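The values are calculated or read from the model by the stated rules, or taken from the named source; none is laboratory data. As the structure is a computational prediction, the values presented were derived from the model and not from experiment. Virtual Cβ from ideal backbone geometry, glycine too; neighbours counted across all protein chains shown.
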Amino acid sequence: MPSSTCLRRFSQLSLDNASYAPIASRNLLTTPQASCFSTSRARYANPTARKGMVAPPKRGTKTLNVKKGKSAPGRDTGKRPAPGERKAMRKRIVLSNINALEVRTLKDLDKANVLSKNNEGQVLGLPNEVVDALRAVEAFKTTQGWSLFRRPATLYRKETTEVAELIKQVEEAGEGQKKTIRRVLIGDRMSGKSTLLLQALMMAFMRDWVVVNLPDAKDIVIAHTEYAPLPNSNPTQYTQDAYTAALLSQISKANEAVLQNLPVITNPTLPIALPSKSNLKQLADIGAANPEASWPIFNALWAELTKPGRPPLILAIDNLSHIMRHSAYLSADVKPIHAFDLTLISHFISHLSGQTSLPNGGLVLAATTNSNSPSSPAMEFSLEVAEKKRYGGEVPRWNPYKHVDERVTSVLRDVEVLKVGGLSKEEARCLLEYYAASGMVRGRVDEGYVGEKWSLAGMGNCGELERVAIRMRV
Amino acid sequence: MPPRLNILSFARSIPYRPKSQAQWHVQPTIRAAPSQSRAFSDPKDPPSTDRSTRIGSQPLPDVSEEAAKTAEIKGAQGPELEKGTPVGEVVKGDKAAQEKLPKIMQDALKSKMSASGPKGSRSYSTTTTPINSGSGVELGLVDFHLATSTPDVPGVKFGLPTLPIPRDANLKYRYDPVVDQVTNLLMRHGQLSVAQRNMSLILNHLRTAPVPTINPSRPLIPGAPPPSHLPLNPILYLTLAIDSVAPLLRIRSQKGAAGGGVALQIPVPLGQRQRRRTAVQWILAAATRRRHRGSGKGGFAQRIAEELISVVEGRSAVWERRHAVHKLGVAARANVVLPRKR
């Protein structure tokens with residue numbers, strides 16, 4: 001039998017008990033006497049005084065408004081953009097600023113002078129057709145400062161001349177001794193590695209080479225495009241049809257002038273029929289239009305390009321460290337797929353490691369990055385060893401407590417590096433004078449100014465120089 | 001279209017003239033500057049003084065000391081004793097005195113007179129030349145050259161600065177005052193560097209945006225430069241936008257002064273900094289209400305920049321706000337309490 005206290009408690013329960021002040025429930029005396037289970041109180045309550053509404057705030061006093069939703073104060077009420085619009089906005093490449101002054105003394109590069117040694121230490125303009133081609137292979141990056149100047153122009157620094165030398169070596173090699181030069185670009189953050197890659201592509205375009213550029217290795221391995229196992233491959237390799245088709249369309253668009261003049265001379269067996277007397281541009285376009293056949297067509301295109309008598313090739317990749325590890329794709333038994341098992345990457349890697357050479361000569365370039373690089377201890381170690389071998393210094397020893405990726409070390413065993421360092425003061429001066437001539441730097445560019453900016457930029461780091469001169473401090 | 005700026009003043013030759021190696025002079029690794037100050041541990045007197053009491057046994061003072069004493073007697077200013085005696089200058093042109101010099105100084109004099117290089121027969125140099133001059137060797141010390149000539153002001157090692165010292169020479173006042181103020185108003189949660197990045201994005205957006213068209217019904221402040229000059233001077237652009245919409249006054253509500261529980265609206269003039277602050281806050285509020293189109297970090301900066309452009313072009317709602325405040329101020333001008341005239 002329940003106790004009397006319990007019964008009394010039960011009788012005092014009211015439907016709207018929660019509306020009482022908290023003290024009321026604790027103090028039995030102040031509890032209003034209402035009959036149990038009655039709805040009369042709510043029914044006969046004053047209809048004007050709504051629940052939860054106290055007296056209106058005094059005139060002139062500020063009240064705290066913590067409402068959420070439509071009537072909340074200070075809310076961004078703008079319409080939301082359409083799907084894809086934001087990313088397009090973020091990835092937009094702007095290559096011209098109509099407000100910037102036109103530099104009268106700016107000379108253009110052309111086919112004859114692009115490899116010349118005399119260009120060193122000068123800012124030179126890029127011709128329009130090359131700009132279009134570079135845009136097609138996505139060589140321009142959003143982080144670079146192209147959008148501030150009237151038209152794209154680039155500084156020929158010491159490292160650029162080195163790359164020009166390499167290209168000249170490839171071109172001047174005689175028949176039968178064609179060279180495949182492999183280089184990995186290393187250097188500090190913002191020191192101009194991607195820009196140097198762009199300059200190499202630019203020279204290749206101007207010298208009528210065929211350019212194959214993988215603009216960002218990250219896009220290949222982050223599993224944003226479809227993949228499928230390659231039939232009859234052991235160990236299993238994986239093709240990326242959509243990505244390969246996009247790459248083929250880039251190749252076709254960027255190298256249009258060269259590929260149009262190269263007829264198909266082999267008789268490739270392709271899933272899609274090729275019209276007779278077609279050229280390589282048509283071949284690439286068919287691959288771009290049919291993603292399911294893109295990998296065989298890429299192979300056929302490559303076989304065509306490596307036939308004797310074809311132009312030299314340049315093969316480039318940016319963000320190297322992304323492919324030196326497991327990709328984000330999963331195999332059928334839910335194991336991560338190593339990036340080297342993706343067909344496109346294994347194709348590139350076989351050229352970077354020197355396993356396959358380019359019969360018509362060519363350049364294989366890979367740029368590392370320090371802004372967005374997943375850690376790959378094997379790659380870092382291999383590149384450090386290569387750097388010490390090339391530029392001197394004590395060769396480091398492998399830390400035995402780190403996991404070694406044998407596939408990576410075997411690829412990068414005998415690769416050479418090209419270090420992108422800081423600008424010299426003369427180069428910095430030339431760049432700052434170009435900024436001033438474009439109207440971006442206001443004020444006199446004299447020795448003191450150059451020295452100040454050069455020092456602030458960490459002894460001539462190219463990106464930092466741009467930052468201190470025209471970006472952060474206007 | 002006529003050129004917006006004097007282009008010729010900017011056009012300057014780009015080609016780079018390589019510095020010839022001959023200009024590079026070998027600098028000592030340790031830069032020994034002539035010491036201008038004496039350490040506390042130095043003896044008070046030069047070594048030539050003797051502390052013997054008898055005048056006759058004291059050694060004769062050296063040339064400089066003698067000259068100093070003579071000058072003191074004459075009431076003129078003699079040579080400074082702490083710098084040592086410039087023996088070379090003293091014996092200049094005095095053959096007899098030169099013969100009495102120590103051998104090393106005589107050799108130095110002779111070599112200076114003949115003005116020839118080192119005597120050796122080597123055709124090559126044995127000194128090292130830097131690989132790329134000025135990058136590794138100087139370790140970031142900019143323009144650190146040994147003062148070749150003695151400064152004309154004694155006690156100042158690097159010469160006196162030219163006066164007046166520019167305002168932005170101080171670390172704390174290196175930015176333009178408007179830029180500084182707007183940056184601080186942009187700052188949220190004390191994140192100054194984020195605000196600074198936003199500020200630089202705003203200025204870059206102003207630089208790349210097309211030239212604004214001025215609305216004649218919304219005139220900018222008098223003395224504003226033509227709009228074609230604005231994009232290349234983004235700080236001026238920013239200042240112009242802010243100063244143009246800045247209200248001249250604010251309305252202070254004096255409670256109970258009007259009687260009957262109504263607050264009395266009193267217009268109060270604002271100072272320049274306060275005016276700018278009000279304008280920036282209006283602009284920020286208007287920018288927040290704008291449509292956000294992109295993604296990533298630069299969105300807010302872009303909206304603020306667009307709002308600034310629309311202010312200059314007279315499209316912004318901030319102008320209405322300024323107008324309303326001024327109208328209210330005019331209506332309430334009778335409430336202004338002026339100091340009583342005597």
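Could you run through the stretch A:169-226 and say how many residues are hydrophobic (A, V, I, L, M, F, W, C) and outside any helix (DSSP H, G or I)?
First, the residues of the stretch A:169-226 that are hydrophobic (A, V, I, L, M, F, W, C): A:170, A:173, A:181, A:184-186, A:190, A:196-198, A:200-206, A:209-212, A:214, A:217, A:220-223.
From what is left, the residues that are outside any helix (DSSP H, G or I) are A:173, A:181, A:184-186, A:190, A:209-212, A:214, A:222-223.
Looking only at that region, the number is 13.
Return the residue satisfying two criteria in turn: it lies in the stretch A:439-466 and is at the interface with chain B (Cβ under 9 Å from one of its Cβ atoms) and touching a residue at least 60 places away in the same chain (Cβ under 8 Å), and of such residues it is surrounded by the fewest Cβ atoms within 10 Å (Cβ to Cβ).
Only one residue tops the list, namely A:G458.
Which of the following residues is modelled with pLDDT under 90 and among the acidic types (D, E): B:D180, B:D168, B:D243?
B:D168
Out of curiosity, is A:A217 on the phi < 0 side of the Ramachandran plot, assigned by TED's automatic domain parsing to the domain that holds A:Q260 and in contact with a His (Cβ under 7 Å, 6 or more places away or on another chain)?
Details: on the phi < 0 side of the Ramachandran plot: yes; assigned by TED's automatic domain parsing to the domain that holds A:Q260: yes; in contact with a His (Cβ under 7 Å, 6 or more places away or on another chain): yes.
For A:A217, the condition - on the phi < 0 side of the Ramachandran plot, assigned by TED's automatic domain parsing to the domain that holds A:Q260 and in contact with a His (Cβ under 7 Å, 6 or more places away or on another chain) - is met.
Working only within the stretch B:182-198, note down all residues that are outside any helix (DSSP H, G or I) and more than 20 Å from A:R467 (Cα to Cα). Walk me through it before giving the result.
Narrowing the stretch B:182-198 to residues outside any helix (DSSP H, G or I): B:187-191.
B:M187, B:R188, B:H189, B:G190, listed by residue number.
Any idea which of A:V364, A:V408, A:V404, A:V415 is closer than 19 Å to A:I317 by Cα, in the same structural domain as A:T236 (by TED's automatic domain parsing), β-branched (V, I, T) and surrounded by fewer than 20 Cβ atoms within 10 Å (Cβ to Cβ)?
Working: A:V364 fails: surrounded by fewer than 20 Cβ atoms within 10 Å (Cβ to Cβ); A:V408 fails: surrounded by fewer than 20 Cβ atoms within 10 Å (Cβ to Cβ); A:V404 fails: closer than 19 Å to A:I317 by Cα.
On inspection, the qualifying residue turns out to be A:V415.
A:E380: away from every other protein chain (no Cβ under 14 Å) and buried (at least 17 other Cβ atoms within 10 Å of the Cβ), yes or no?
Numbers: away from every other protein chain (no Cβ under 14 Å): yes; buried (at least 17 other Cβ atoms within 10 Å of the Cβ): yes.
Judged against the criteria, A:E380 is a match.
Using the structure shown, decide if A:L315 is at pLDDT 95 or above and crowded, with 21+ Cβ neighbours inside 10 Å.
Values: at pLDDT 95 or above: yes; crowded, with 21+ Cβ neighbours inside 10 Å: yes.
Yes, satisfied.
Search the stretch B:184-194 for residues being surrounded by fewer than 19 Cβ atoms within 10 Å (Cβ to Cβ) and touching a helix residue (DSSP H, G or I) at 6+ places or on another chain (Cβ under 9 Å), and hand back the single one that is farthest from B:R273 (Cα to Cα).
Going through the stretch B:184-194, the residues surrounded by fewer than 19 Cβ atoms within 10 Å (Cβ to Cβ) turn out to be B:184-185, B:187-194.
Narrowing further to those that are touching a helix residue (DSSP H, G or I) at 6+ places or on another chain (Cβ under 9 Å): B:184-185, B:187-188, B:192, B:194.
Working: B:N184: 13, B:L185: 12, B:M187: 17, B:R188: 20, B:L192: 20, B:V194: 23 Å.
Out of the qualifying residues, it is B:V194.
Quick one: B:V318 ticks every box in (1) away from every other protein chain (no Cβ under 14 Å); (2) in contact (Cβ under 8 Å) with a residue 40 or more places away in the chain; (3) under 38 Å from the mean Cα position of the chain (by Cα); (4) more than 23 Å from B:L236 (Cβ to Cβ) except a single one, so which number is it?
(4)
Which condition number in (1) within 24 Å of the chain's Cα centre (by Cα); (2) within 14 Å of chain B (Cβ to nearest Cβ); (3) touching a residue at least 60 places away in the same chain (Cβ under 8 Å) is the one that A:T105 fails?
Looking at each condition in turn, A:T105 falls short on (1).
May I ask you to list the residues in the stretch B:238-253 that are within 32 Å of the chain's Cα centre (by Cα) and at the interface with chain A (Cβ under 10 Å from one of its Cβ atoms)?
B:L238
Condition test on A:F348, is it surrounded by 19 or more Cβ atoms within 10 Å (Cβ to Cβ) and over 29 Å from A:G176 (Cα atoms)?
On the way: surrounded by 19 or more Cβ atoms within 10 Å (Cβ to Cβ): yes; over 29 Å from A:G176 (Cα atoms): no.
Taking the combined requirement at face value, the residue does not satisfy it.
Given the structure, is A:P127 at pLDDT below 90 and more than 10 Å from every other protein chain (Cβ to nearest Cβ)? Can you show your working first?
Working: at pLDDT below 90: no; more than 10 Å from every other protein chain (Cβ to nearest Cβ): yes.
No.
Go through (1) more than 10 Å from every other protein chain (Cβ to nearest Cβ); (2) within 26 Å of the chain's Cα centre (by Cα) and name the single condition A:M472 misses.
So A:M472 meets the others, but not (1).
Restricting the search to the stretch B:294-342, which residues are in contact with a strand residue (DSSP E or B) (Cβ under 8 Å, 6 or more places away or on another chain) and either acidic (D, E) or not in a helix (DSSP H, G or I) (or both)?
B:A332, B:V336, B:V337
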